[in-house]
Each structure stands twice: as C-alpha cells, then as structure tokens.
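Below is one structure, written out as structure tokens, with a few remarks after it.
The values are calculated or read from the model by the stated rules, or taken from the named source; none is laboratory data. Note that the coordinates shown come from a computational prediction; the quantities given were computed from them, not determined experimentally. Cβ: placed from backbone, ideal geometry, glycine included. Neighbour counts: every protein chain shown. Heavy atoms of the whole protein, side chains included, go into the accessibility calculation; ligands, DNA and RNA do not. Shrake-Rupley method; radii C 1.70, N 1.55, O 1.52, S 1.80 Å.
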Amino acid sequence: MLKIALVFVAFFSLTVVSAQSATEVDNVKAACLDYLNTFYKADTTLAYRSVHKSVRKTGFYFKEDKQEYSQQLEMPFNDLVSLAKTWNKDGNRTDASSPKEVLVFEVSDQTASAKVTAVWGIDYLSLMKVDGKWMIVNVLWQSPPKFSLTESK
C-alpha cells in the first residue's frame, strides 16, 4: 500500500511540475508576442507590460544599396517605445501574412531565452522573471539573414 501511495505522490508531483512548466513556457511566449505586437500594432502598452526598462536592444540592419550590414545599433527602452509609436502606425508595414513566430529555447525558474521572427528579421531575446512576471531584458536582432547555420546535438 505504501508503494502505491508513493507512486501516486510521485506521479501527481510530476504532473503538477509539468503543468507549471507548460504555463511558464506559455508566459514566456506571451511576453515575446507582446514585444512583436508592440511594433506590429504600434501598441506601446505591450512594451511597458513585457519589456524591462533596463533592456539592451542591439543589432544590425542590412543596407541593400551597399550590400552590407550597418554598424551595431543600440536602442534603449525609451527609443524602443518611440519607434513603436511610429513604425507601423499606419498599418502598412505588416499584414496577416507577415512573419510572427516565437520559438522558446529554454525556460528556467528565473531566466528564459527565445527567438522571434518578424517582418524586420530575427531577434534573440533574453528574459528574466521580475515579481513573478517574464520581462525581456536583452534583444539581439538583425535584418532577415542571408544564411543561417545551426549546430545539432
């Protein structure tokens, strides 16, 4: 009887942890979608909800006329909000077919990492949990890649 009780407790514990893990992944994904929709919908309230004010956003855009990438560009939180207000305010930069993908790489108890694919390119996001809420603290982005290599395990 004791063995059955222990098996039940172990199974129940694993089920609870699994459900909590799925919820955490969903919460990380929601923060990433807030980031995307900050620009897609020109809705800065989403940035205030899911992007930490200490965010470090840095990256590179491809200059088609010169066929080269820009120098490293930096965008603190206030500049992110300012850009989001105007970037797609007329709704002409995105449509229903625009890329809007979130790939969550890892979620730990206090940190997480993800990749978003958007109309402007790709962004790698680092998140941290602040007062129980997932907040984006680092963004490394670039224009749509000319190539991409991945290493398999």
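The table for this structure:
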| quantity | calculated |
| --- | --- |
| Filter pass, F105 being assigned to a strand (DSSP E or B) and either touching a strand residue (DSSP E or B) at 6+ places or on another chain (Cβ under 7 Å) or open to solvent by less than 30 Å² (accessible area, probe 1.4 Å) (or both) | yes |
| Check on S54, open to solvent by 30 Å² or more (accessible area, probe 1.4 Å), among the small types (G, A, S), at pLDDT 95 or above and not in a strand (DSSP E or B) | no |
| Qualifying residue in segment 30-51 (condition: farther than 21 Å from L127 by Cβ and aliphatic (A, V, I, L, M)) | yes |
| Members of segment 117-135 found to be β-branched (V, I, T) and either free of Cβ contacts under 8 Å to residues at least 60 places away in the same chain or open to solvent by 50 Å² or more (accessible area, probe 1.4 Å) (or both), listed by number | T117, V119, I122 |
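Listed here are the residues, each with its yes/no results for (1) at positive phi; (2) touching a Pro at 6+ places or on another chain (Cβ under 9 Å); (3) modelled with pLDDT of 95 or more.
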position	(1), (2), (3)
A30	no, no, yes
T38	no, no, yes
K41	no, no, yes
L46	no, no, yes
T58	no, no, yes
F62	no, yes, no
S70	no, no, no
